[in-house]
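Worksheet: the structure to be examined is printed underneath.
Here, each number is a calculation from the coordinates, and none is a lab measurement. What you are looking at is a predicted structure, and each value in this text was computed from that prediction instead of being measured. Neighbour counts are summed over all protein chains in view; Cβ atoms, including those assigned to glycine, are modelled from backbone coordinates with ideal geometry.
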């Protein structure tokens, strides 16, 4: 019972810490491929369509390697109420009535006829599009709710008029010139707002810091419970344990021998529980996608992808868990053992 309780004490914070770190690493990997600058057009405080000729005007700025428009929008399925991302990739090679979808789309779409998805266009007309393949990507965060289609189908579904795009993405030659180029963009296109990749990274970092705070609360809550448990162990030993030490003293064991035995006994218990807790947390997080914490830390809808997070374990996190669990328990066992070992054998034997 003690070993199981000790293992759970390690398992809960370890799972939360592992999951938060792995999810943040996955998001950082996703943002590594983000454009240096994303340009949105803002009118009356709202994002509006961008004229496609804006991208041509940006080529006049020295330092810009490329500037292209993007066609993307959100589509809300009227059947299940879920929101999906529809997009036109630069190299879409399928027919107008064909689409490529993410795993979450096939899992949650309620209006599937074979491998055909029914869409309600912006003018309330119906569109049937054939799913030719499912997206495969190492980063499940990218593709779960994604639907790729041709420009013609996109404009029909979204209602985005010809000559306009959702936004513009820009890559620059020298990353150190990004702030300067962003200032030039706002000078040429005053109604636009450049969003830097560094801004996205900071936003994601802040979001994960807030969600990781839940993991911290779990960690310290579990730690507090463990310290109370360890403190109780340090204050006194049970009558059975005192009697056991009295028997050993009567058999001729020295105090140092008893302390050594209790130390190794608690060390084996601690290391066994620590290893079992860490291994269980690893399997729970990276093989089972952390069902205990996924809903809290992902903060996503039912579309969130079913995928195994790539293992991401920080040696510092493991060391902290070790220091905050194994060391206190070991000391909490040795201290009362030392107190009891200094008692006369007859007094210890009368404790039971």
Rounded to the nearest Å, what's the spacing between the alpha carbon centres of the range 239-295 and the range 44-99? Just the number, please. 58
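Got a sec? How would 6, 75 order by Cβ neighbour count within 10 Å, fewest to most? Let's see the in-between values first.
Working: 6 23, 75 19.
Listing 6, 75 from fewest to most nearby Cβ atoms yields 75, 6.
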For the range 71-162, what percent of Cα pairs sit more than 22 Å apart? 17
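Express the relative contact order of the range 71-162 as a whole percentage, based on alpha carbon pairs under 8 Å and six or more residues apart in sequence.
In percent, rounded to a whole number, it is 38.
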Going by C-beta contacts inside 10 Å, put 319, 15 in order with the fewest on the left. 319, 15
Rank the residues 46, 57, 41 as a footprinting-exposure proxy: fewest other Cβ atoms within 10 Å of their Cβ go first. 46, 57, 41
